[in-house]
Structure formats: C-alpha cells, structure tokens
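Engineer: Supplied in structure tokens, the structure appears directly below.
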Ligand SMILES: Cc1cc2nc3c(=O)[nH]c(=O)nc-3n(C[C@H](O)[C@H](O)[C@H](O)COP(=O)(O)O)c2cc1C
C-alpha cells in the first residue's frame with residue numbers, strides 16, 4: 001500500500017548543488033568547512049520537519065586536478081565526522097551519509113555507524129555506494145577501480161557482514177549490574193565468524209546494538225546489480241530520474257523485485273532527487289536559474305559530463321555537435337544511461353547536455369514558484385513515481401530556506417507532509433520497522 005505522506009531529505013553540499021553554486025553572489029563560498037553554516041542548514045531542515053539531511057561522499061579530489069581548482073570538490077568534511085557534530089546540535093532530524101563499500105572494511109563501517117546511531121539517539125542512515133572512479137582506486141593501492149559486477153558482489157557480502165556485526169549483542173545484553181559485577185550477559189553476545197569470498201571478520205563489535213537496531217540502510221546505484229542489491233537489502237533508494245515516466249518505471253521495477261526476497265513494497269522507500277529553483281514568480285525563478293547557468297565555465301561543465309558519463313575524454317569533440325557513442329561505463333552505469341537517453345530524447349549537443357546537467361548532475365530540476373514545485377512533488381508522489389524526495393537546493397543557504405518557507409507549508413496544507421515529527425528516530429520518520437536481532441527468538 002502506498003504511504004499517505006511523503007518523506008523529504010535535504011541533500012546538502014557546501015554551497016549548493018549547481019556546479020557554479022559557489023560563484024553565485026548570494027551563495028556562501030566558504031561553506032565547505034564552516035560548521036556554523038551546516039548547523040544553520042540542518043536546523044532549518046529540522047524546522048521544515050525533513051526526515052533527514054544527507055551528505056554524499058567521494059574518496060578523491062573529484063575531477064582532474066586542473067578542473068578541481070574551479071570547483072568546491074577539494075573543500076569538504078568527512079561526512080561522518082560532520083554528522084557527529086550536527087547530532088549534538090539537533091533533536092529529531094535524521095543524519096545520513098554515503099560511505100563506500102569498495103574502499104572500507106565492514107568492521108570499521110559497522111562500528112562508526114553504530115556510534116553515530118547511539119550518539120544521535122537513533123537518527124543515522126548509511127547510503128551504501130560502491131564508489132565510481134579510478135581516481136578513488138588510486139588512493140587505495142589500486143590502479144583501477146573494481147569491475148562493476150565485482151564491486152557489487154563485494155557490496156552484497158559487505159552489507160551482510162555489517163548487519164551481522166550490528167547483531168553482535170541482543171538488545172538487552174548490557175545489564176551493567178554493579179552487585180554481580182556482570183556488565184553484559186554472555187549468552188546475549190554472538191560472534192559472527194564470517195568467512196566469505198571477500199571478507200573474513202570474526203566479530204563481535206565493541207559497541208551495543210543501536211537504538212534503531214540497524215541504522216537505516218540506503219542504496220544509491222540504479223544499475224541492474226544496484227537494483228538487485230537494493231531489493232534484497234535496502235530500506236531507502238536514492239535515484240536520479242529525469243522524467244515522470246522514467247521515475248514510474250524505476251519505481252515499479254524496484255518495488256516489483258521485493259516479493260522475490262520475501263519483502264513488502266512498503267519496506268523500501270524510493271526517493272528520487274529533485275532540484276528546485278524557486279522564485280516568487282516564474283520569471284524570477286527562471287532568471288535565477290539563468291544566472292547560475294551563465295556562471296558555468298565550459299571546461300568545467302564538460303569535465304563534469306565527461307567524468308560522470310564514464311571518465312571518457314570528450315575534449316576532442318565539437319561542443320555543438322552530438323554526444324558520441326560511448327562504451328559502457330565501469331563507473332556509474334545508470335547515470336551514463338540517463339545522460340545518453342537525455343541527449344538523444346531532447347536532441348542535445350554536448351554543450352547543451354553539460355549545461356542541462358550542471359544544475360543537478362542528472363536529477364530532475366523544477367524551476368518555478370513554490371506552487372509549481374509542490375505540484376510536481378505531489379504528482380510524482382501520487383502517481384507512483386516516488387515515496388519521497390531528496391531535495392537538492394541549487395545554492396545555499398537560500399535554496400533550502402526558500403523550500404522550507406515556501407514549499408513545505410503547501411505540502412502540509414495538502415496533507416502530503418507532516419506538520420510535526422511523531423517519532424524520534426529516522427526509522428520512525430520514514431515509517432520503517434525496527435529490525436529484530438537475528439539471534440533473538
Ligand atoms: C542521490 C544520490 C546520491 C549519490 N551519492 C553518491 C555518493 O555520495 N558517492 C558515490 O560514489 N556515488 C554516489 N551516488 C552514485 C551511486 O551510488 C552509484 O555510485 C552510481 O550510480 C553507480 O552505480 P550504478 O552503476 O549502479 O548506477 C549517488 C547517487 C544518487 C542517486
């Protein structure tokens with residue numbers, strides 16, 4: 001059954017999502033390492049009753065060093081460290097971060113997210129990604145990134161180890177009984193002893209089971225193995241969808257796979273990204289968008305497209321000619337397919353394509369008044385394209401404040417979004433069950 005109200009995530013980046021956001025006169029270009037900036041954004045999202053804030057992550061300076069100088073890519077916090085700080089200055093809002101399975105150890109990841117879940121009183125969520133680039137591989141002793149299928153196979157095993165570790169202790173294990181001297185009950189401790197194809201992890205963790213049982217499990221790859229992993233394990237899927245029709249097809253596809261794993265459709269929430277460019281009038285919104293577009297340096301725009309379409313060199317092609325045929329990417333396969341589909345469908349030149357994705361890297365952009373934005377969200381939600389949305393403000397802090405002040409009240413008036421938080425954990429906000437410990441019968 002479809003849920004009655006939508007979920008909202010505030011997908012935050014230092015200056016905003018538009019490639020040229022930091023250059024906008026009203027954007028905060030020093031946002032990357034400004035804790036007060038992130039605190040204000042998070043408090044604003046919490047005032048807007050968002051389910052969660054979300055930080056993406058990469059394990060390299062993204063783009064080439066020559067292009068990096070024109071972007072904010074080299075000015076970012078480790079998101080888990082940032083979220084730990086934000087946990088201390090907020091009460092209700094969920095705290096979600098990407099962490100890669102390809103360049104990590106399950107024990108380390110399980111421990112860190114368990115720590116964040118305890119620290120925040122049950123508000124953490126892990127966006128599982130397999131990483132996308134050779135640039136990241138080069139920082140971890142490899143010349144090339146793992147092959148696409150291989151890294152998803154590793155991710156499948158990785159997540160099983162992580163959830164196994166989170167079950168190291170049953171919920172009531174820690175009695176801390178001063179009289180007997182027993183700190184935890186030994187029969188409620190379980191040693192994982194995992195020996196698999198990719199990982200060997202004994203366990204147990206050295207931290208109790210978390211308030212949410214498991215932090216919320218999120219998955220953000222939309223390729224075939226990505227969807228299979230999501231259908232088996234994820235509770236939220238982040239995805240980029242350009243059109244209502246594509247989003248509906250993706251929604252039906254992923255939801256349709258759940259029964260094969262003994263799961264119900266409502267156990268997984270699908271949240272496409274939407275980038276709202278908001279004005280008091282349509283003309284004001286369009287001006288704002290154009291102002292950002294005019295700030296895109298051609299080589300930076302081309303670099304974004306080339307990088308996200310699979311890391312192929314597009315510099316030899318006529319910018320006003322069509323996108324050439326590209327080999328299948330070993331990077332983000334679903335995003336490459338989206339770009340090719342978009343270019344063909346709208347008959348875009350390379351220049352038009354990079355400009356089209358400069359705002360939100362392939363996510364759907366809506367330009368208009370708060371009402372226009374609310375109408376789009378309502379339509380996608382009601383017409384089975386989404387259970388909620390990751391809101392991607394074009395530049396910050398303005399883009400988030402405009403959404404909280406303009407769009408959220410309209411969604412609330414329409415009964416599509418909560419007026420108040422009813423729970424305290426991210427699971428409760430999202431309407432997800434707390435998983436039981438596998439050893440507790
Ligand atoms: C909302 C959203 C956020 C994402 N965040 C990250 C991220 O932080 N780091 C990353 O490496 N990939 C991120 N991705 C990309 C995917 O996780 C994945 O790497 C990519 O789509 C390749 O997977 P695929 O080949 O299964 O499509 C994100 C995707 C979406 C839709």
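Quick note: the coordinates plus some simple rules give every number you see, no bench work behind them. The structure presented is a predicted model; accordingly, all values stated were derived computationally and were not measured. With ideal geometry, Cβ positions are generated from the backbone for all residues, glycine too; neighbour counts draw on all protein chains shown.
Engineer: Could you tell me what a quarter of the Cα convex hull surface of the range 83-150 works out to, in nm² with one decimal place?
Structural biologist: 5.2
Engineer: Relative to the longest principal Cα axis of the chain, at what angle does helix 370-382 sit, 0 to 90 degrees, rounded to 10?
Structural biologist: Tilt of helix 370-382: around 50 degrees.
Engineer: Now for a separate question. What is the packing order of peptides 309-320, 272-283, taking the mean over residues of other C-beta atoms within 10 Å and listing the highest first?
Structural biologist: 272-283, 309-320
Engineer: Write down the Å³ per residue value for the convex hull defined by the alpha carbon atoms of the chain.
Structural biologist: Roughly 145 Å³ of hull volume per residue.
Engineer: Right, something else. With springs only between Cα atoms under 10 Å apart, run a GNM on the chain and tell me which of 149, 48, 301 wobbles the most.
Structural biologist: Fluctuation is largest for 149.
Engineer: Taking a quarter of the surface of the convex hull around the Cα atoms of the range 100-223, what do you get in nm²?
Structural biologist: Spelled out: convex hull of the Cα atoms, projected over all directions, averaged, 8.7 nm².
Engineer: OK, next. What does the highest-first list of 111-124, 398-411 look like by mean Cβ count within 10 Å?
Structural biologist: With the highest mean Cβ count within 10 Å placed first, the list reads 111-124, 398-411.
Engineer: Tell me, how many Å apart are the Cα centres for the range 34-95 and for the range 285-303?
Structural biologist: Taking the Cα centre of each part, the range 34-95 and the range 285-303 sit 23 Å apart.
Engineer: Run lengths n ≥ 4 of DSSP H only: what is the helix-derived mean residue ellipticity at 222 nm for the chain, with -39500 (n - 2.57) per run over all residues, to the nearest 500? Display every interim value, and only then the final one.
Structural biologist: Numbers: 16 runs with 162 residues, N = 441.
Using -39500 (n - 2.57) per qualifying helix, the result is -11000 deg cm²/dmol.
Engineer: Determine, for each peptide in 238-249, 131-142, the mean count of other beta carbons within 10 angstrom over its residues, then list the peptides with the highest first. Don't skip to the end; give the middle numbers.
Structural biologist: Details: 238-249: 19.5, 131-142: 17.1.
Ranked from most to least packed, the peptides come out as 238-249, 131-142.
Engineer: Taking the convex hull of the alpha carbon atoms in the range 22-103, what volume per residue do you get, in Å³? Don't jump to the answer; show the numbers that get you there.
Structural biologist: Working: hull volume 8.5 nm³, N = 82.
Normalising the Cα hull of the range 22-103 by residue number yields 104 Å³.
Engineer: So, one more: Compute the long axis of helix 244-258 from its Cα atoms, compare it with the longest principal axis of the Cα atoms of the chain, and write down the angle in degrees, 0 to 90, nearest 10.
Structural biologist: 20
Engineer: Let me ask another. Please determine, in degrees from 0 to 90 and to the nearest 10, the orientation of helix 333-345 with respect to the longest principal axis defined by the Cα atoms of the chain, where the helix direction is its Cα long axis.
Structural biologist: In the chain, helix 333-345 runs at an angle near 20 degrees to the longest axis.
Engineer: Can you tell me, using C-alpha contacts under 8 Å and at least 6 residues apart, the relative contact order of the range 54-170 as a whole percent?
Structural biologist: Taking the mean separation of contacting Cα pairs over the length of the range 54-170, I get 28 percent.
Engineer: Moving to a separate point now. What is the Cα centroid distance between the range 196-246 and the range 359-415, reported in whole angstrom?
Structural biologist: Each part reduced to its Cα centre gives a spacing of 25 Å.
Engineer: Which whole-number percent is the relative contact order of the chain (Cα, under 8 Å, 6+ apart)?
Structural biologist: Relative contact order of the chain: 24 percent.
Engineer: Out of all DSSP beta bridges with both ends in the chain, state the antiparallel percent to the nearest 5.
Structural biologist: 15
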